[in-house]
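Engineer: Pasting a structure here, questions to come.
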Amino acid sequence: MPPSSEIQFSSAELLDHDFPNHSPRLSFDGYTADAWQDWRTQLFPELRGQLGPFPDEAFPLNPQIVSTESNDKITIHKVIYHAREDAPIPAYLSIPKVALNPDRSIGRATGKMPAVLCIHGHVPGGKESVISGDGQFGAPYGRALAEQGVITLCPDNAGMGERAHPSGGCDFLWRRLNYLGYDLTGYRVYDLIRGVDYLQSLPEVDESRIGIAGLSGGCWLGIVHAALDERVQAAVLSGYFTTFAQTSWFGHCICHHPKGIGELCEMPDIAGLIAPRPIFVEWGTEDGSRPVHPAFEMAQQIYRAANAGDQITLQEFDAGHLFSGEQSLPWLVQTLSQK
């Protein structure tokens, strides 16, 4: 036996030996539509089960408007609705006064409009960053989309914004949910599913034309949400389209890494469950701790197998960790307007 001075005691260092050779059990490894369909049939229920449990019955939304402000382009309501019995969710609902017509012309808003659920990132202030941000995290996509004729809903994620707990952040919430048998990602995604329920309940919304957009942690939640909720017709995924292997080892928040997820699949596999619905991925090339490669190529392989290779798009831009929106927002507006 070697002397103790030569023995490696660090658990992290020991785990590093296994890390490069790890292969998730249900990562996609095929090229045909049949292979994609068989794989999807296996992964979808396992992913949902791993992120659950989800409530068997939906609690009444009980929505209410608590305040309203208006300008010449949009009306912004502060609203509250319920995901669960004891889980009121504060959000901003923005209603355009103008609508984008299918021919790209602007006209007075009449009839039902497309809607986008805007998921904020892992940032201070939660929903404020997507409705009235100062540009630190890029375009305030909740407001920008509304000004282009799309209804937007910008809720606070559990544990963030107005839903933060004074005792701590995501780690605090993760530990309490874990004790009760819940996963934080699944808990937040169920809230987003109820956000779509709320949008579909509004008379102004065309329930068949709902999309999502998210930055950073909102990108991660958007990937999972769109994968599990087929009502989502298009998604803009910004700033965290990466792999668990490239991020879980290097200090990112625990809220992005469900317990045991790497045994089951990789992040691009979850994105592949969205196929054949269209997704637009954007990434700032200076955002080195959240690399988009090879995640994009992995998801692209799945989309090609699903005969939807033209439904996945990547834009790389010269900046850091922020929401560009230069190409993605017009793409989302056009995609939803043409459905």
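Engineer: So which pairs qualify, if the first residue must be in the stretch 175-189 and without any contact (Cβ under 8 Å) to a residue 24 or more places away in the chain and in a helix (DSSP H, G or I), the second must be open to solvent by less than 60 Å² (accessible area, probe 1.4 Å) and not aliphatic (A, V, I, L, M), the Cβ gap must be under 8 Å, and the two must be at least 6 apart or on different chains?
Structural biologist: The qualifying pairs are LEU177/ASP183; LEU177/TYR187.
Engineer: Given the condition among the charged types (D, E, K, R), open to solvent by 10 Å² or more (accessible area, probe 1.4 Å) and under 18 Å from the mean Cα position of the chain (by Cα), answer yes or no: does some residue in the stretch 144-160 qualify?
Structural biologist: Looking through the stretch 144-160, none of the residues is among the charged types (D, E, K, R), open to solvent by 10 Å² or more (accessible area, probe 1.4 Å) and under 18 Å from the mean Cα position of the chain (by Cα).
Engineer: Conditions: (1) β-branched (Val, Ile, Thr); (2) part of a helix (DSSP H, G or I); (3) surrounded by fewer than 24 Cβ atoms within 10 Å (Cβ to Cβ). VAL123 meets all but one. Number of the miss?
Structural biologist: (2)
Engineer: Quick one: which of GLU207, GLU286, GLU230 is open to solvent by 30 Å² or more (accessible area, probe 1.4 Å), part of a loop (DSSP other than H, G, I, E, B) and under 28 Å from ILE151 (Cβ atoms)?
Structural biologist: GLU230
Engineer: Right, here's the next one. So which residues in the stretch 210-227 are of a type outside the set (A, V, I, L, M, F, W, C) and in a helix (DSSP H, G or I)?
Structural biologist: Residues satisfying the conditions are GLY217, GLY218, GLY222, HIS225.
Engineer: Pick from the stretch 162-180 the residues that are in contact with a helix residue (DSSP H, G or I) (Cβ under 7 Å, 6 or more places away or on another chain) and open to solvent by 30 Å² or more (accessible area, probe 1.4 Å): which of them is nearest to SER94 (Cα to Cα)?
Structural biologist: Out of the qualifying residues, it is HIS165.
Engineer: If you don't mind, another one. Given ALA306, ALA227, which one is farther than 20 Å from ASP191 by Cβ and either in contact (Cβ under 8 Å) with a residue 12 or more places away in the chain or out of contact with any helix residue (DSSP H, G or I) (no Cβ under 7 Å at 6 or more places or on another chain) (or both)?
Structural biologist: ALA306
Engineer: Could you list all residues from the stretch 126-143 that are small (Gly, Ala, Ser) and either open to solvent by less than 50 Å² (accessible area, probe 1.4 Å) or closer than 16 Å to GLY211 by Cβ (or both)?
Structural biologist: Within the stretch 126-143, GLY126, SER129, GLY133, GLY135, GLY138, ALA139, GLY142 meet the criteria.
The values are calculated or read from the model by the stated rules, or taken from the named source; none is laboratory data. What you see is a predicted model, and the numbers here were worked out from it, not measured in a lab. We place every Cβ from the backbone using ideal geometry, glycine too, and count neighbours over all the protein chains shown. To get the accessible areas, we keep the full protein, side chains included, count just its heavy atoms, and leave off ligands, DNA and RNA. Shrake-Rupley method; radii C 1.70, N 1.55, O 1.52, S 1.80 Å.
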